[in-house]
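Here you go, one structure.
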Amino acid sequence: MGEMEQLRKEADSLKDQITAARKAVQDTTLQEAVAGITVVGRVQMKTRKTLRGHLAKIYAMHWGTDSKLCVSASQDGKLIVWDSITTNKVNAIPLKSSWVMTCAYAPSGNFVACGGLDNMCSIYNLKGKDGNVKVMRELAAHTGYLSCCRFLNDSEIITSSGDCTCVLWDIETGTEKTIFTGHQGDCMSLAVSPDFKFFISGACDYTAKLWDIREGQCRQTFGGHESDINSIGFFPNGNAIITGSDDATCKLYDLRADQELITYQDSGIMCGVTSLAPSLSGRLILAGYDDFNVNIWDSLKAERVGVLAGHDNRVSCIGVSSDGMACCTGSWDSFLKIWN
Amino acid sequence: MAEGSRDQGGVGTTDPEEDSPNMIVYRKIEDIVTRIQDEKAGGVAIRTVKSFLSKIPSVVSGADIVQWLMKNLSVEDPAEAIHLGSLVAAHGYIFPISDHVLTLKDDGTLYRFQSPYFWPSNCWEPENTDYAIYLCKRTMQNKARLELADYEAENLARLQRAFARKWEFIFMQAEAQVKIDRKKDKAERKILDSQERAFWDVHRPVPGCVNTTEMDIRKCRRERNPHRVKKSVYGVPDDGQSQPSPIHSSSQPRKPTKEDVQKEITFLNIQLDRHCMKVSKVADSLMSYTEQFMEYDPFVSATDPSNPWIGDDTSFWDLEASREPSQQRVKRWGFSLEEALKDPVGRDQFLKFLESEFSSENLRFWLAVQDLKRRPLQDVSARAQEIWQEFLAEGAPSSINLDSHSYERTSQNLKDPGRYSYEDAQEHIFQLMKSDSYARFLRSNIYQDLLFARKKVILKSLFLFFFYINLHSSISHNCLFL
């Protein structure tokens, strides 16, 4: 008992020191620093395409790097690859388990991955020899549901799980290369840095963590949210992160200043944030909420500058294409919409 | 509350059910609903409205609710107030008295407040037996307002088939409920009946309406007591019919072990052992980044040619793919070396420039290492050796200039080659290119010509020059024949 007490004391003392270090660099707040710039003008986006085809709640979507193809996963047990311009289904992949919670598109465009309550990450080869899409690998080792997965390249993928860990896999051998432990609650979401050297994870312990992929270490931890962090993303410059939580707020944390810079909230917003994505410049943050809307925030001034209303049920996932041209939202109403 | 420990995150609540995302929303709504009903504290006036032959007790108009929301929650846009009010209605806290669809309208439509007994925060998960009792008792009472809607009649028929063997029991319970209801005062009954109906509108919604009691399955799993006895709306004892959901598993909360705390201490030390940048600097960096890229952000600035999604004109993408970069695109290469290398055309142009200076080995090394990091594991060892031979070995054909420290480290790494064997060397070379060749690239003709679209002008003038020469010579040529 005595040793545990001592360890806790040490941990608390370190936390206090970190807090002090953060305060020491707080020579201003982001709000003060941006006082001189004007809010971005009202952003009005329209639905340009509606992707119909799923028969149940959509839980996840991910853009391909060509900004035209995207993949979506639904509880109807299907993974669909869409040509979002023509709204045609390029592939409709039936899944073994219908309780799918996440999907990802490889940067090369050769693979898609998905997973969910089966605790596995299944990799599908889209460019098979005979044209059929088959399971290429099943990555099984997690002891909890798969909440999110992201490819680093065709040979490596990172997954986050309800077992509170994130794992870096080698797809060829199907083995875990690195296990990232440290979260004390289900990991709900992850995002990879633009230079592919780091990734961030948001969890049900209300914290976000920055991990060094190569070293396997947690470099930084960010708190402040009052409930589960459902969604996380990198600011386009790679030096800041954004989180969305059940406490109905989004927060911007800076990695170099090691602290929260600003919170995006409004007394009129009561429902949790399910998903978020920054625009190409990072000036806008699009966040999907449980109240069926997407709110668009001016990331620097922390003001709402637009609303996307069009779904008839919760917005569960959102993504901005890599050329920044379009935003795709997926919902429990079984539709995906493309906006800009 | 100690800022320090809170800041590092903590899951402190004792009751996990209080944590559930729906519960968080319920508490917020209940706060609003309590305030809005408090007439003394500026709430809406709840009154009895005279209708044709009867009085409608305890109602308020949709417009009044919208007004209150706008005034008390500082909502400027009435559409937003309606959206918020509809959320409150969708969860069953207010309901229209003459409709099953739970939305808020900004007009004279009359609404009533739900009784706290039926509030969703009481964790009702009403069984079909309760629903059957409810529908059954409605058919027993000869009142026009209690007539079943089509979908309710269908539901009743289905339930009768499902509960065929225990229908007598359900019938008896329904009769008992009717007896209880009869004892109540007429006005009170009107109110209670409507509240009961609104309760069922939430838990058995009209087909096509959203079921707001649904929870994200990822959050469902954390319920601590999924096998608890579910309470019945009508006090019917649970006969063990409720099946435990396949999703729920008895996930015991993990108590942090000594190893957990030790690991946390390691992480905290890593975090402490880093240089914190001033917030003012960081803020400036964010502002300048967004400012620089806002002209490239299609959501903020109009694109040229137009956004392919608007108007179905794909010329923007055709241009991107055509390897003929626009001036705006070329300008972006000048923001940083990272931006130049991100764009395949930028990469090619930088390579071309370096080749003209006979110093392309640095970039080629950098690109080779990037490629190495993406190779399948089985190819890594061989490829790493190839890179060594090409760029770093004694007498290498594309010898790069590494400081002795990085050279030593890299050759050590190669004893056990892996994806990150060249990480240090790559970083060193990147910094070299950034501080030396990149700056010269930006000043070079290759870059400047593209940036100011000079090539086209030169070609044009050359073309015109030769055209006139030809014209002149052909005229003189023709003159000879005259």
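Just so you know, all these numbers are worked out from the coordinates, no wet-lab data involved. What you see is a predicted model; the values in this text were computed from it and never measured. Using ideal geometry, Cβ is built from the backbone for each residue, glycine included, and neighbour counts are taken over all protein chains shown.
How big, in percent, is the set of alpha carbon pairs in the stretch B:270-320 lying more than 17 Å apart?
58
How many angstrom lie between the Cα centre of the stretch B:323-342 and the Cα centre of the stretch B:23-45?
Going from one Cα centre to the other spans 55 Å.
Okay, moving on. What list of ³J(HN,Hα) values in whole Hz, one per residue of the stretch A:70-85 in order, does the Karplus curve 6.51 cos²θ - 1.76 cosθ + 1.60 (θ = phi - 60°) give from phi, with Gly and Pro shown as x?
8, 10, 9, 10, 9, 6, 7, x, 10, 10, 10, 9, 10, 8, 5, 6
Would you please calculate the Kirkwood hydrodynamic radius of the stretch B:366-446 over all C-alpha pairs and express it in Å, rounded to one decimal?
After inverting the mean inverse Cα-Cα distance, the result is 13.5 Å.
Using the beta-carbon distance between residue B:453 and residue A:46 and R0 = 41 Å, what value does 1/(1 + (r/R0)^6) give for FRET efficiency, to the nearest 0.05?
With a Förster radius of 41 Å, E is 0.75.
Continuing with this model, one more query. Take the residue pairs A:337/B:219; B:143/B:231; B:137/B:166; A:251/A:337 and return only those whose Cα atoms are more than 19 Å apart.
Violating the 19 Å Cα-Cα cut-off are A:337/B:219; B:143/B:231; A:251/A:337.
Using only the Cα atoms of the stretch B:304-407, what are the Rg and Dmax in Å?
18.2, 59
Further, regarding this structure: Which value at 222 nm does chain A reach when only helices count, each DSSP H run of 4 or more adding -39,500 (n - 2.57), with the total divided by all residues and rounded to the nearest 500 deg cm²/dmol?
-2500 deg cm²/dmol
If you don't mind, there's one more thing I want to ask. Pop out the ³J(HN,Hα) list for the stretch A:240-251 in order, Karplus 6.51 cos²θ - 1.76 cosθ + 1.60 with θ = phi - 60°, rounded to Hz; leave Gly and Pro as x.
9, 10, 10, 10, x, 9, 5, 7, 6, 10, 10, 10
Taking each pair of distinct Cα atoms in chain B once, what is the resulting Kirkwood hydrodynamic radius in Å?
31.4
Mind checking the alpha-carbon convex hull of the protein assembly as shown and giving the volume per residue in Å³?
Cα convex hull per residue, to the nearest whole number: 245 Å³.
Could you work out the Kirkwood radius for the stretch A:241-306, taking every pair of different alpha carbons, averaging 1/r and inverting it, reported in Å?
Computed over Cα pairs of the stretch A:241-306, the Kirkwood hydrodynamic radius comes out at 11.8 Å.
Next question. How big is the C-alpha Rg of chain A next to the rule-of-thumb value 2.2 N^0.38 Å, as a ratio?
With N residues counted in chain A, Rg over 2.2 N^0.38 Å equals 0.98.
Quick one: check the C-alpha center-to-center distance for the stretch B:128-194 versus the stretch A:209-233, whole angstrom.
Each part reduced to its Cα centre gives a spacing of 52 Å.
Apply the a/c threshold of 1.5 to the C-alpha gyration tensor of the stretch B:325-375 and tell me whether it is rounded, prolate or oblate.
oblate
Also, quick follow-up: With θ set to phi - 60° and the Karplus curve 6.51 cos²θ - 1.76 cosθ + 1.60, what are the ³J(HN,Hα) couplings of the stretch B:363-379 in order, to the nearest whole Hz, using x for Gly and Pro?
5, 5, 5, 4, 5, 4, 5, 4, 5, 4, 5, 9, 6, x, 3, 5, 8
What span do the alpha-carbon atoms of the stretch B:135-218 cover on each of the three principal axes, reported in whole Å from largest to smallest?
Taking max minus min along each principal axis of the Cα atoms, the stretch B:135-218 gives 45, 34, 25 Å.
Given q = 0.09, 0.13, 0.16, 0.22 Å⁻¹, what are the Debye log10 I(q)/I(0) values for the stretch A:160-276, with equal point scatterers placed on the Cα positions and solvent ignored?
-0.23, -0.46, -0.69, -1.22
Along each of its three principal axes, how wide is the spread of alpha-carbon positions in the stretch B:254-357, in whole angstrom units, largest first?
Between the extreme Cα coordinates on each principal axis of the stretch B:254-357 lie 60, 44, 31 Å.
For the stretch A:1-144, rounded, prolate or oblate, judged on the Cα gyration tensor with a ≥ b ≥ c (square roots of eigenvalues), a/c < 1.5 rounded, else prolate if a/b > b/c?
Note, shape of the stretch A:1-144 comes out oblate.
With axes computed from alpha carbons, what is the tilt in degrees of helix B:258-272 against the longest principal axis of chain B, rounded to the nearest 10 within 0 to 90?
Helix B:258-272 and the main axis of chain B meet at about 50 degrees.
Tell me whether the stretch A:267-340 comes out rounded, prolate or oblate; compute the Cα gyration tensor, take square roots of the eigenvalues as a ≥ b ≥ c, and use a/c under 1.5 as the rounded threshold.
Cα axes put the stretch A:267-340 in the oblate bin.
Using only the alpha-carbon atoms of the stretch A:24-92 as identical scatterers, what base-10 log of I(q)/I(0) does the Debye formula give at q = 0.22, 0.25 Å⁻¹?
-0.94, -1.14
Here is a follow-up. Using only the Cα atoms of the stretch A:168-226, construct the convex hull and provide its projected area averaged over every direction, in square nanometres to one decimal.
4.4
Quick one: angle between helix B:21-37 and the longest Cα principal axis of chain B, in degrees between 0 and 90, rounded to 10, please.
60
Taking only the alpha carbons of the stretch A:47-127, what extent do you get along each of the three principal axes, in Å, biggest first?
34, 28, 17
Convex hull volume of the Cα atoms in the stretch B:55-152, per residue, in Å³?
Considering the Cα atoms of the stretch B:55-152, their hull volume per residue is 129 Å³.
Report, in deg cm²/dmol and to the nearest 500, the calculated mean residue ellipticity at 222 nm for chain B, where each DSSP H run with n ≥ 4 adds -39500 (n - 2.57) and the sum is divided by the residue count.
Roughly -17000 deg cm²/dmol at 222 nm, from the helical runs in chain B.
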